[in-house]
Amino acid sequence: MMNGYKAWWLNGELHREDGPAIEYHDGGVEWHFNGSLHRKDGPAIDHADGNKEWWLNGHSFTIDIIISIFCDDGGSDPTIAWIPDILIVDDFEF
């Protein structure tokens, strides 16, 4: 671990498919895919202080927006989700 963090790179871009691409010494993590912040099954940034950020293909979303998009009824049943021109996600969970 150099400078307080570990990072995974592929072809010059932050990238990891089986875990976060950056792990900070304080416990914070960032998920990247092909250089963009991206995670479809949870927050792409999980700060050590407990704050979380949701990102898909480099686009940030608040939890309220994600719930309204990902839940067919706007409530708690995220069975099928669709964000135009970004990603299709099945069984999205927080």
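Details
- Taking region 44-55 as the range and being surrounded by fewer than 20 Cβ atoms within 10 Å (Cβ to Cβ) and closer than 16 Å to His15 by Cα as the test, only Ile45 passes.
- Look at region 9-27: where a residue is closer than 15 Å to Pro43 by Cβ and modelled with pLDDT of 95 or more and a partner is exposed (fewer than 13 other Cβ atoms within 10 Å of the Cβ) and not aliphatic (A, V, I, L, M), sitting 6+ places away or on another chain with Cβ atoms under 7 Å, you get Tyr24/Gly4.
The values are calculated or read from the model by the stated rules, or taken from the named source; none is laboratory data. As the structure is a computational prediction, the values presented were derived from the model and not from experiment. Cβ coordinates were reconstructed from backbone atoms using ideal geometry, including for glycine residues, and neighbour counts include every protein chain displayed.
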